Amino acid sequence: MAVVNPVIVDARRLLCPMPVIRVQNSVAELCPGTLVEVLCTDPGALNDIPSWCRINGHRVVETRCLNDEYLVILEVGEE
Amino acid sequence: MTRQRKAVALISGGLDSLLAAKLIQQQGIHVAGINFFTGFCVEGHTHAIRKKGQEKPKRNNALWVAEQLGIKLNIVDIIEEYKQVVFNPRYGYGANLNPCLDCKIFMVMKAHEWCKQNDFDFIITGEVVGQRPMSQRKDTMPLVCKRSGADDLLLRPLSARNLPPTLPEREGWVDREKLLGLSGRGRKPQIALAKQFGFDEFAQPAGGCCFLTDAQYSSKLADLWQARGSKQYELDDIMLLKVGRHLRPKAHFKVIIAREEGEGNFLRGYRKQYLSIDSLSHAGPFALIDGNVNDQDIELAASLVARYSKGRDAAEVEMEIQTPAGTGYAIKVQPLKPAAIPEQWLL
Ligand code: SF4
């Protein structure tokens with residue numbers, strides 16, 4: 001099975017709601033099932049991106065803190 | 001079978017837009033939300049930057065509202081287009097640099113465009129007649145319909161019965177009798193309605209939905225325009241206006257001094273764009289210099305920053321100056337005494 005690299009969204013140094021907007025614009029171009037790795041520095045994104053995923057039908061696979069950065073991995077949902 | 005009608009709701013994140021969307025949802029209309037990010041929005045920026053209170057990160061209220069309603073939300077970046085609204089508002093500014101009427105017209109116009117592109121039928125907002133001095137008056141609310149091009153497709157469910165019937169009401173897509181006739185600045189009916197719907201923890205921003213209604217913020221923005229010789233800004237500029245102490249010792253430069261560690265970390269992110277100052281001999285704040293400066297100006301800026309360091313009472317403190325290219329050098333300065341800092345320097 002081919003391994004597809006996740007799409008990276010670099011939202012570091014951006015403050016809410018810009019990380020969400022970056023994710024939203026990137027996800028709009030992607031097929032269901034694609035994994036997206038979002039890197040951010042605004043801790044608010046750890047709430048906002050999962051919240052945006054819940055209302056728009058995407059799945060948060062993982063959230064992780066890496067020193068002063070945060071990583072959110074999500075899977076693009078149907079539609 | 002009649003098709004289900006669709007409305008797009010302008011979601012600011014406040015209580016009124018939440019209630020307006022809920023009232024329409026209750027009538028069987030499919031509702032989606034739209035939220036515009038101008039760069040000036042009162043979101044958790046200050047909270048996100050500051051170190052204090054980080055254990056409880058602030059939520060995005062528009063997303064929270066969408067979750068309560070179970071609707072999709074589009075957050076639209078209008079930073080660039082919005083500049084013309086801020087620079088040249090046809091209907092002028094409010095008490096500060098808030099161009100509320102032009103802003104409302106612009107947002108409804110964008111929502112109307114979105115409606116047409118996405119095959120939605122009408123637009124709803126949480127506006128209430130008489131609630132805001134500029135954009136929510138009986139005489140200016142029809143102006144928003146007209147100038148935005150939305151005309152009678154703009155429905156304000158909280159105040160509908162004080163306004164002429166809109167197309168969705170006339171066509172029977174929504175029942176006007178079930179809409180409200182609120183007016184004025186009082187909040188009691190909205191709070192009672194929120195309780196009835198079971199909403200709590202909703203946001204109630206004081207003043208307005210953006211920093212442009214804030215007197216101090218507006219004066220810093222006006223100062224920026226004056227210093228640059230014209231009305232202009234980039235997103236970084238308007239973000240920086242939310243952070244630190246801004247002091248302008250001379251017309252051609254200002255100093256932005258962090259007030260605490262989180263602000264210092266945020267300002268450090270701009271080291272490649274601005275000259276920066278750090279304290280070497282004593283603990284002290286990080287600062288940026290905005291403007292074209294000579295050695296004398298740098299010394300003055302460093303003495304000013306030293307005033308806010310632990311070495312403020314020392315005869316001399318050592319500061320590090322770093323250029324955007326990354327070269328650094330140390331200078332020794334005498335911290336300015338408070339009496340030597342005129343009040344008008346502080347923006
Ligand atoms: S407060 Fe700000 S966002 Fe709200 S209408 Fe006025 S200018 Fe627009």
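State to the nearest 20 debye the size of the charge dipole of chain B about its Cα centre, where the only charges are +1 on K and R beta carbons and -1 on D and E beta carbons.
The dipole of chain B has a size of about 860 debye.
Assign one of three labels to segment B:86-167, namely rounded, prolate or oblate, based on the Cα gyration tensor with a ≥ b ≥ c the square roots of its eigenvalues; rounded applies when a/c is under 1.5, prolate when it is not and a/b is larger than b/c, and oblate otherwise.
Judged from the Cα gyration tensor, segment B:86-167 comes out oblate (a/c at least 1.5, b/c at or above a/b).
Divide by every residue of chain A the summed helix terms, -39500 (n - 2.57) for each DSSP H run of at least 4, and state the resulting mean residue ellipticity at 222 nm, rounded to the nearest 500 deg cm²/dmol.
Value at 222 nm, helices only: -8500 deg cm²/dmol.
Provide the packing ranking of A:7-13, A:43-49, i.e. peptides ordered by the mean count of other C-beta atoms within 10 Å per residue, highest first.
A:43-49, A:7-13
Using the Karplus curve 6.51 cos²θ - 1.76 cosθ + 1.60 with θ = phi - 60°, work out ³J(HN,Hα) for each residue of segment B:182-199 in order, rounded to whole Hz, and write x for Gly and Pro.
Running phi through 6.51 cos²θ - 1.76 cosθ + 1.60 with θ = phi - 60° gives 6, 8, x, 8, x, 10, 4, x, 5, 5, 5, 5, 4, 5, 4, 7, x, 8 Hz.
How many nm is it between the label spots at B:Asp119 and B:Phe87, if each spot is 7 Å from the Cα in line with the beta carbon?
Placing both labels 7 Å beyond Cα along the Cβ direction yields 3.8 nm.
In which sequence would B:Thr213, B:Thr125, A:Thr41, B:Thr166 go, from the one with the fewest C-beta neighbours within 10 Å to the one with the most?
The most exposed by this proxy come first: A:Thr41, B:Thr213, B:Thr166, B:Thr125.
At a 10 angstrom cut-off on C-beta neighbours, averaged per residue, how do the peptides B:285-293, A:66-74 rank from highest to lowest?
Top to bottom by mean Cβ count within 10 Å: B:285-293, A:66-74.
Using a 10 Å cut-off on Cβ to Cβ distances, tally the other chain neighbours for every residue of A:17-25 and report the average as a whole number.
5
Given Cβ point charges of +1 (Lys, Arg) and -1 (Asp, Glu) and nothing else, what value in debye, to the nearest 20, does the dipole of segment B:243-345 about its Cα centre take?
For segment B:243-345, the charge dipole is close to 200 debye.
Which whole-number percent is the relative contact order of chain B (Cα, under 8 Å, 6+ apart)?
Contact order relative to length: 15 percent.
Please give the peptides B:126-133, B:302-309 ranked by average Cβ packing (other Cβ atoms within 10 Å per residue), highest first, as a rough proxy for protection.
B:302-309, B:126-133
Rounded to the nearest 0.05, what FRET efficiency is calculated for B:Asp295 and B:Ile78 with R0 set to 51 Å and r the Cβ-Cβ distance?
In this case the efficiency is close to 0.75.
Kindly provide the helix-only [θ] at 222 nm of chain B, computed as the sum of -39,500 (n - 2.57) over DSSP H runs of four or more divided by all residues, to the nearest 500 deg cm²/dmol?
-9500 deg cm²/dmol
Mind sorting B:Asp237, B:Asp200 by how few other Cβ atoms lie within 10 Å of their own Cβ, fewest first?
In order of increasing Cβ crowding within 10 Å: B:Asp200, B:Asp237.
Starting from the 7 Å offset along Cα-to-Cβ, what nm value, one decimal, do you get for the label separation of B:Arg268 and B:Arg3?
About 5.6 nm, to one decimal.
Once you have the Kirkwood Rh of segment B:6-209 from its Cα pairs, apply Stokes-Einstein at 4 °C and 1.567 mPa s and quote D in µm²/s.
It diffuses with D of about 75 µm²/s by this estimate.
Tell me the angle of helix B:15-25 to the major Cα principal axis of chain B, expressed in degrees between 0 and 90 and rounded to the nearest ten.
Helix B:15-25 and the main axis of chain B meet at about 30 degrees.
Would you mind classifying segment B:243-345 by shape? Square roots of the alpha carbon gyration tensor eigenvalues, ordered a ≥ b ≥ c; an a/c under 1.5 is rounded, otherwise it is prolate if a/b is larger than b/c and oblate if not.
Because its axes are fairly even, with a/c under 1.5, segment B:243-345 counts as rounded.
Using only atoms on other chains, find how many Cβ atoms lie within 10 Å of each Cβ of peptide B:70-79 and report the average.
Whole-number average of other-chain Cβ neighbours for B:70-79 is 4.
How compact and how long is chain B, expressed as Rg and Dmax of its alpha-carbon atoms in Å?
Gyration radius and largest Cα-Cα distance of chain B: 24.2, 85 Å.
Please arrange B:Leu182, B:Leu346, B:Leu155 by counting, for each residue, the other beta carbons lying within 10 Å of its beta carbon, fewest first.
B:Leu346, B:Leu182, B:Leu155
Helix A:18-27: angle to the longest alpha-carbon principal axis of chain A, degrees 0 to 90, nearest 10?
Once rounded, the angle reads 10 degrees.
Plugging the Kirkwood radius over Cα pairs into Stokes-Einstein for segment A:7-75, at a temperature of 37 °C and a viscosity of 0.692 mPa s, what D comes out in µm²/s?
Calculated translational D: 284 µm²/s.
If you line up the long axis of helix B:100-117 against the longest principal axis of chain B, both from Cα atoms, how many degrees apart are they, to the nearest 10?
On a 0 to 90 degree scale, this one is about 60.
How well do other chains shield peptide B:59-67, expressed as the mean number of their Cβ atoms within 10 Å of each residue Cβ?
Average neighbour count from other chains, rounded to a whole number: 5.
Going down the table (B:Lys220/B:Lys337; B:Lys220/B:Lys250; B:Lys250/B:Lys310; B:Lys22/B:Lys72; B:Lys72/B:Lys138; B:Lys110/B:Lys188), which pairs top 19 Å between alpha carbons?
B:Lys220/B:Lys337; B:Lys250/B:Lys310; B:Lys72/B:Lys138; B:Lys110/B:Lys188
Any idea what Rg and Dmax come out to for the protein assembly as shown if you just take the C-alpha atoms, in Å?
24.2, 85
Only the coordinates and a few stated rules stand behind these numbers; no lab work does. Predicted, not measured: the structure shown is a model, and the values here were computed from it. In this analysis, Cβ positions are derived from the backbone assuming ideal geometry, glycine residues included, and neighbour counts consider all displayed protein chains.
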